[in-house]
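Here is the structure we will look at, set down as structure tokens.
The values are calculated or read from the model by the stated rules, or taken from the named source; none is laboratory data. Keep in mind that what you see is a predicted model, and the values were worked out from it rather than measured. Heads up, the Cβs are rebuilt from the backbone with ideal geometry, glycines too, and the neighbour counts pull from every protein chain shown.
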Amino acid sequence: MPREAQDQRSAFINRLELLAAKLGSRYKLAQKAGIKQSTLQAYASGSEPTRPALIKLARAADVSIDWLAAGQRREIDVELLRQVIEGVERGFRGSGIRLDARSRAQMIAEIYAAVTEEELPDEARHAKIVELVRWRQRA
């Protein structure tokens, strides 16, 4: 196996170990992802995961598939993030609903992720932010 491929495989295994540590153990990661522990062990030993398995693992640990598969991080659209934060702040101002900082940050992250999944023009993007804030207020 070429050196670059070995390095990529080792890096992937390291990222898997980080996810297991984040969730407390390999067992907990496998359980939350809905895959067999033996399958996760095979990946940690160098087997290539399937695309559906990558998706399950990434979702279970709340990381991007790009990061899990290749170590790549998404670029942050600072302007969009500003719009999401402003939308959340506007949506909750005067509503009587109070969120602690962690809950508010989680909401902002979820709305940002939802909005970045689609290529939308600015007006549609703003409408989607407002819609998601309102939906989260009811949740």
Residue within region 42-57 that is in contact with a Gly (Cβ under 9 Å, 6 or more places away or on another chain), surrounded by 12 or more Cβ atoms within 10 Å (Cβ to Cβ), farther than 30 Å from Ala127 by Cβ and free of Cβ contacts under 8 Å to residues at least 24 places away in the same chain present: yes
Tabulated pairs, region 98-119, first of a type in the set (A, V, I, L, M), second surrounded by 13 or more Cβ atoms within 10 Å (Cβ to Cβ) and in a loop (DSSP other than H, G, I, E, B), C-beta under 6 angstrom, 6+ apart or interchain: none
Residue in region 37-44 that is under 27 Å from Leu19 (Cβ atoms) and modelled with pLDDT under 85 present: no
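Look at region 27-39 and say how many of its residues are within 21 Å of the chain's Cα centre (by Cα) and either free of Cβ contacts under 8 Å to residues at least 12 places away in the same chain or farther than 23 Å from Arg73 by Cα (or both). Break it down into steps so the answer makes sense when it comes.
First, pick out the residues of region 27-39 that are within 21 Å of the chain's Cα centre (by Cα): 27-35.
Remaining after also requiring either free of Cβ contacts under 8 Å to residues at least 12 places away in the same chain or farther than 23 Å from Arg73 by Cα (or both): 27-28, 30-31, 34-35.
Residues that pass the stated criteria total 6.
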Residue match in region 44-55 (condition: closer than 26 Å to Ala105 by Cβ, among the hydroxyl-bearing types (Ser, Thr, Tyr) and outside the structural domain of His126 (by TED's automatic domain parsing)): no
When residues of region 58-76 are limited to those that are exposed (fewer than 14 other Cβ atoms within 10 Å of the Cβ) and more than 12 Å from the chain's Cα centre (by Cα), the one nearest to His126 (Cα to Cα): Ile76
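Where in region 50-139 are the helices (runs of 4 or more DSSP H), entirely inside, with at least 3 residues that are within 30 Å of Asp7 (Cβ to Cβ)? It would help to see each step written out before you state the result.
Details: elements: 51-61, 65-70, 78-92, 101-116, 122-138.
In region 50-139, 51-61, 65-70 are the helices (runs of 4 or more DSSP H) which contain 3 or more residues that are within 30 Å of Asp7 (Cβ to Cβ).
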